[in-house]
Structure formats: structure tokens, C-alpha cells
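The next block holds one structure in the form of C-alpha cells; read it before the comments.
The values are calculated or read from the model by the stated rules, or taken from the named source; none is laboratory data. The model shown is predicted, which means the values in this text are computed figures rather than measured ones. A quick note on method: Cβ atoms are made from the backbone with ideal geometry, for glycine too, and the neighbour counts reach across all protein chains shown.
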Amino acid sequence: MPEKRPFKRFGNRTSRPKTQTTEDKIRDFILRNSKNGYYTKVSTLSYKFEIPEDKAWEIVGMLLTDGTLESIHDEFTGEMKLCEAGKTYLIMNLEQQRKRQKSQEFKSKKQKSK
């Protein structure tokens, strides 16, 4: 019967990357959305990261005060939207372009169906 080999751990246990805090995950999520040209609504954070809404607002307040993020309010719902500092107008322009493109596609589909 073959001998059992002892279990070997590969790599050093201390070299494992530390798990991110919820604050870091939220910051990275918002920054990633900004880089992709989208705002992040504050209401999204509580269910995306499964945290209470007041905790989400606390984290958002911290990120806004340290200058990492900027906020703007949705013109229709009044909801706060977040993005990377300095990208507010860039994302706003991209949002308008997407709306225009969507309406043009809708109009062209409507004309084709006639």
C-alpha cells in the first residue's frame, strides 16, 4: 500500500492578500463605474453590498469628505449619484449621448415598422 504524503502548503500564508473592507469595496465599485462612464446611485450600495442604508450613507459621507468622490442629484428623482472626483461633467455628457442614441434607435425602429 502506498504511503500517504504529508499535506504541503504552497506559498507563505502571510503573503496572501488581505481581504478588502466594505469601504474599500464600495470605493472601488464607484471608481470602476466612473471609469466606465456611469454614475452609482447611493441606493444601489445598500443592496449590492448587503449593508444597512445608514451604513452606506456613512461610507459615502466619508468618501465625499476625503475628496475621493463627487456627487450630483438626479434631475427627476432627486436621488444622489456618485462618481470619481473630477468626472461629473464627463459622465453627464456620456449619459446624454446614451439617451440621444437610445431615442434615435427607438425612432428608427418605429419608422421601419410602418
Some residue of the stretch 27-38 being surrounded by 14 or more Cβ atoms within 10 Å (Cβ to Cβ), in contact with a helix residue (DSSP H, G or I) (Cβ under 7 Å, 6 or more places away or on another chain) and among the aliphatic types (A, V, I, L, M): no
The stretch 32-73, subset in a helix (DSSP H, G or I) and among the aromatic types (Phe, Trp, Tyr), residue farthest from the chain's Cα centre (by Cα): Trp57
When residues of the stretch 74-85 are limited to those that are outside any strand (DSSP E or B) and among the acidic types (Asp, Glu), the one surrounded by the fewest Cβ atoms within 10 Å (Cβ to Cβ): Glu75
Scan of the stretch 66-88 for residues that are in contact with a strand residue (DSSP E or B) (Cβ under 9 Å, 6 or more places away or on another chain) and hydrophobic (A, V, I, L, M, F, W, C), ordered by number: Leu69, Ile72, Met80, Leu82, Cys83, Ala85
Selected residue (only one of Lys48, Lys41 is without any contact (Cβ under 8 Å) to a residue 24 or more places away in the chain, among the charged types (D, E, K, R) and closer than 21 Å to Asp28 by Cα): Lys48
Residue in the stretch 25-33 that is at pLDDT 95 or above, under 30 Å from Lys99 (Cα atoms) and of a type in the set (Asp, Glu) present: yes
